[in-house]
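For reference, the structure discussed in these notes is given below.
The values are calculated or read from the model by the stated rules, or taken from the named source; none is laboratory data. This structure is a prediction, so every number in the text was calculated from the model and none was measured. Cβ atoms come from the backbone with ideal geometry, glycine included; neighbour counts cover every protein chain shown.
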Amino acid sequence: MRRADFHHGFYLFGVMALAMSMPLSHFVMGLSSFLLLLNWIAEWDWQNKWHRIKENRQGLWFSAFYLVYAVGLVNVTDWGAAAHEMLTKLPFLISPLIVVSSKPFSKRELQYIFSAFAMATLIGCCWNFGYAQTHELANFREMSRFIDHIRFSLCVVLSVVFCVHYALQDSQDHPLCKYIYVLVVFLLIPYLIYSQTLSGLAIMMLVAVCYIVYLIWYKAKGRSKWIFASFSGLLLVLGVCYICCITWDYFHVKDPDPDYAARTESGRPYTFDDHSIVENGHRVYNWVCSEELEAAWALRSDSSYDELMAATLIRYLNSMGVRKDSAAVMRLSDDDIRNIEHKIANVHYAKNGNVRRALYETYFGLTLYQKYGLYDESSMLQRFELWRVSWHLIREHWLFGVGIGQQRAALDRQLELEKSLIAGKRKNRGSHNQFLTIWLAAGILPVIYFCFLLAYPFTATMRDRVTFVYFALILALTLSMLVEDTLNAQTGRMLFTIFVPLMLFSEQGK
């Protein structure tokens, strides 16, 4: 084997290892990146590297983002935090440079890389699902055992895109390979639903709609075009109708008119609050006999009956559509009692793999905000609050930001100053919007340059390099960055700094 072939083979092995580690291991991601850099240096061959760089100068624009981002160093006072931030952002400088200057991968080699990524994601899904079945989870976020659930759901979405692409394309693969890709898709999508990551589901739906439009207008022909369009439209309508039915079932009041003279089986009166919030189609504080609830709870559980436990019990009974009295408590199963003891306030919250659960949690948070102005019980509303406060800071430091590495501490201080309800909760959480985070840390120039990087490949000069898979990757990453600091996590950084240059600057031949 020639030296050049050895280094190219090691480069392929390193990128495959890096792709497989993205959904599974932070340690292997770091190790693979380090080995890729060592191989790139050991390969030497600077003349050919320089020649490839000159042929793909646009690749250096991705590396240049690191230098533009460094503008935010002008306001730094905490150089320890700044050094750590710049160190974690090094893949933006190094990874595109390695991809552009190395011998490009063939179309088949890219298939190996993206297939390895999809298979590793499937392994992670199987492991997470098995863990959820054998352990009691306090929160569905605990289901993701390797990386955080938001980034893992992004890996699932991209894996579905890759598998669908390779299943539908004309190739010399054995027919069995196409069936394997289809099987992987039918395993990944149910996991995404089961994990109840709403951001991942929303991204998957938007990518799917775009892909359906793409297939209809650019791939399908004649009668098949309209058959496919009709079938896809039907699926979309059914999905929307399903969500509408869940929403109606949650907010539409199904309670009978209050009977203020009604009594429990023991002859005690009920209390009613006709202005109470609605959950699962029932007003939470209608048909309540607090005296009986406390007495019955003492018979069913050893847990103390404090204010929080009382509210949890009332909401749990309300979600079942029964009256809140001793008879209802005594009819609860042991599993129901255990759920209430673990502060699970809705019977649907205890059901994994249920889209209804994720939507109900969101609806409850929205209801609390509408009724009481509370937003600390909803992750979505907390994001709105973080965006609002981040924007206040940006207006004061719009040119150079608050300083690289200092943005989270500055945001925490601003939350305290504005006496936000989420001040002090989960400190150093960030803005939960990548564009606001970049602007807050380093100023307006880096965020403009970053938006340019996302948009430039779609201009006329580079449009021939853009495939639908690349479009889907950028769409998924951009949607994720609207609600998360995607690039602040190692997996997000690697998805952007490795997969994006690979798709733009690798060969499309065999």
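Being more than 37 Å from the chain's Cα centre (by Cα) and charged (D, E, K, R) is the filter here, so list the residues in the stretch 295-323 that pass it. Passing the criteria: R300, D302, R323.
Here S379 fulfils each of the conditions (1) farther than 16 Å from I277 by Cβ; (2) in contact with a strand residue (DSSP E or B) (Cβ under 7 Å, 6 or more places away or on another chain) apart from (2). Here's a check for you: in the stretch 1-12, which residue that is surrounded by 15 or more Cβ atoms within 10 Å (Cβ to Cβ) and of a type in the set (A, V, I, L, M, F, W, C) is farthest from L502 (Cα to Cα)? This residue is F10.
From the list K49, K54, exactly one residue is of a type in the set (D, E, K, R), assigned to a helix (DSSP H, G or I), exposed (fewer than 15 other Cβ atoms within 10 Å of the Cβ) and more than 27 Å from the chain's Cα centre (by Cα). Which is it? Step by step, each of K49, K54 is checked, and only K54 is of a type in the set (D, E, K, R), assigned to a helix (DSSP H, G or I), exposed (fewer than 15 other Cβ atoms within 10 Å of the Cβ) and more than 27 Å from the chain's Cα centre (by Cα).
Across the stretch 417-450, what is the total count of residues that are more than 24 Å from the chain's Cα centre (by Cα), among the small types (G, A, S) and in a loop (DSSP other than H, G, I, E, B)? Residues flagged as more than 24 Å from the chain's Cα centre (by Cα), among the small types (G, A, S) and in a loop (DSSP other than H, G, I, E, B) within the stretch 417-450 amount to 2. The residues on offer are G373, G401, G365, G424, and the sole one that is over 30 Å from D335 (Cβ atoms) and in contact with a helix residue (DSSP H, G or I) (Cβ under 6 Å, 6 or more places away or on another chain) is G401.
A single entry from F117, F146 fulfils the requirement of being at pLDDT 95 or above, within 30 Å of I189 (Cα to Cα), in contact with a helix residue (DSSP H, G or I) (Cβ under 6 Å, 6 or more places away or on another chain) and of a type in the set (F, W, Y): F117. The one condition from (1) of a type in the set (K, R); (2) within 21 Å of G405 (Cα to Cα); (3) at pLDDT below 90 that K89 does not meet is (3). Answer with yes or no whether W387 is closer than 29 Å to C244 by Cβ, in a helix (DSSP H, G or I), in contact (Cβ under 8 Å) with a residue 40 or more places away in the chain and under 31 Å from the mean Cα position of the chain (by Cα). In short, yes.
This table checks each residue for (1) buried (at least 16 other Cβ atoms within 10 Å of the Cβ); (2) of a type in the set (A, V, I, L, M); (3) farther than 30 Å from Q434 by Cα.
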site	(1), (2), (3)
A327	no, yes, yes
R338	no, no, yes
H348	yes, no, yes
L381	yes, yes, no
L386	yes, yes, no
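When L73 is tested against (1) aliphatic (A, V, I, L, M); (2) over 22 Å from F505 (Cα atoms); (3) at pLDDT below 90, exactly one condition is not met: (3).
Return the residues of the stretch 433-453 that are closer than 14 Å to L411 by Cα and either in contact with a Cys (Cβ under 7 Å, 6 or more places away or on another chain) or surrounded by fewer than 23 Cβ atoms within 10 Å (Cβ to Cβ) (or both); say none if nothing qualifies. Hit for the stretch 433-453 is N433, nothing else. Report whether or not Q133 is modelled with pLDDT of 90 or more and polar (S, T, N, Q). So Q133 fails the test. Scan the stretch 186-243 residue by residue and report those that are modelled with pLDDT under 85, surrounded by fewer than 16 Cβ atoms within 10 Å (Cβ to Cβ) and among the hydroxyl-bearing types (S, T, Y). The answer is Y214, Y218, S224, S230. If you check T497, T491 for being touching a residue at least 40 places away in the same chain (Cβ under 8 Å), part of a helix (DSSP H, G or I) and within 21 Å of S199 (Cα to Cα), only one passes: T491.
Of the helices (runs of 4 or more DSSP H) lying entirely inside the stretch 279-377, those containing at least 2 residues that are in contact (Cβ under 8 Å) with a residue 60 or more places away in the chain span 326-330, 355-372. Could we say that W40 is in a helix (DSSP H, G or I), surrounded by 19 or more Cβ atoms within 10 Å (Cβ to Cβ), at pLDDT 90 or above and of a type outside the set (S, T, N, Q) here? It is true that W40 is in a helix (DSSP H, G or I), surrounded by 19 or more Cβ atoms within 10 Å (Cβ to Cβ), at pLDDT 90 or above and of a type outside the set (S, T, N, Q). Filtering the stretch 244-267 to residues that are touching an Asp or Glu at 6+ places or on another chain (Cβ under 8 Å), in a loop (DSSP other than H, G, I, E, B) and either modelled with pLDDT of 90 or more or not charged (D, E, K, R) (or both) leaves P258, T264, S266.
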